[in-house]
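The values are calculated or read from the model by the stated rules, or taken from the named source; none is laboratory data. Predicted model only: the values in this text are computed from it and were never measured. Glycine gets a Cβ as well: all are built from the backbone with ideal geometry, and neighbour counts include every protein chain shown. Keep in mind that these areas ignore ligands, DNA and RNA; they rest on the heavy atoms of the full protein, side chains included. Shrake-Rupley method; radii C 1.70, N 1.55, O 1.52, S 1.80 Å.
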Amino acid sequence: NAGVTQTPKFRVLKTGQSMTLLCAQDMNHEYMYWYRQDPGMGLRLIHYSVGEGTTAKGEVPDGYNVSRLKKQNFLLGLESAAPSQTSVYFCASSSPIAGKQETQYFGPGTRLLVL
Amino acid sequence: ELKVEQNPLFLSMQEGKNYTIYCNYSTTSDRLYWYRQDPGKSLESLFVLLSNGAVKQEGRLMASLDTKARLSTLHITAAVHDLSATYFCASPPGGYNKLIFGAGTRLAVHP
């Protein structure tokens, strides 16, 4: 199993450009998440999904959109990139087990630089 | 505002010494997670603490949870260089296992 994979690993954008980050998991997990990590701030939740076709906002959703058309994939879109979106983006997945929820499994991350 | 606070944020330790990282959280959750992150890498799950009084140990690391005090600790015993990394605690504030992370404790173990 590959676990959680992310594409691309690194990207440079100019202000105003758009892009989509792809997350894929092969663990048949119901829940998927997008976080951003900035220096000294830990990880912050952008959006999450609890199943195919559903999405919801996290702590810092502004400027991002997401889609979950297939259970194994979770896409994060930036419609008009801003320098404040320079960050490392992590995707994660998890699955509820008998009422208790196990840990999240993280992808390798995507480093995004917006100039 | 829901918060997860770790201290210290930076810890320089000598090999062989013991130390404790503290994680205070303001959610009402009965669960707490610890992760490790090496520089430039992803997050690796260390411990999942699922109830009050939970204690888990793996090698030189031991984590505990006190839900009444809203406090978790990560204790390091006889530190070695391989433990150098950033350690995060995280608490789920509600359903669907969404996590609020602490800022992380950067641990540097030196001879």
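Key figures
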item: Accessible area of region A:4-109 divided out per residue, in Å², using a probe of 1.4 angstrom; result: 45 Å²
item: Ranked by how many other beta carbons lie within 10 Å on average, peptides B:60-69, A:33-42 from highest; result: A:33-42, B:60-69
item: Summed side-chain charge close to A:F90 - residues other than A:F90 whose Cβ falls under 15 Å, Lys, Arg +1, Asp, Glu -1; result: +4
item: Region A:4-21 - phi-based ³J(HN,Hα) in whole Hz, Karplus 6.51/-1.76/1.60, Gly and Pro as x; result: 10, 10, 10, 9, x, 7, 8, 8, 10, 10, 9, 3, x, 6, 10, 6, 10, 9
item: Computed E for B:S51/A:L113 - FRET, C-beta separation, R0 35 angstrom, nearest 0.05; result: 0.25
item: Accessible area that becomes buried as A packs against B, both chains, 1.4 Å probe, Å², nearest 100; result: 1700 Å²
item: Average beta carbon contacts from partner chains per residue of B:34-47, 10 Å cutoff; result: 4
item: Relative compactness, region A:35-89, computed as alpha-carbon Rg over 2.2 N^0.38 Å; result: 1.15
item: Cα pair distances of region B:4-110 binned at 10 Å [whole percent]; result: 16, 51, 28, 5, 0
item: Other protein chain Cβ atoms within 10 Å, averaged over every residue that makes up B:90-99; result: 6
item: For chain A, alpha-carbon Rg over 2.2 N^0.38 Å; result: 1.02
item: Accessible-area composition of the protein assembly as shown, carbon plus sulfur, in percent [1.4 Å probe]; result: 51 percent
item: Length released on extending from A:L22 to A:D38, taking residue separation times 0.36 nm less the Cα-Cα span; result: 3.8 nm
item: In Å, descending, principal axis extents of the Cα set of the protein assembly as shown; result: 49, 41, 38
item: Peptide A:22-35 - average C-beta neighbours from other chains (10 Å radius); result: 1
item: Cβ crowding within 10 Å averaged over residues, with B:87-93, A:20-26 ranked highest first; result: B:87-93, A:20-26
item: Computed E for A:E79/B:N24 - FRET, C-beta separation, R0 25 angstrom, nearest 0.05; result: 0.10
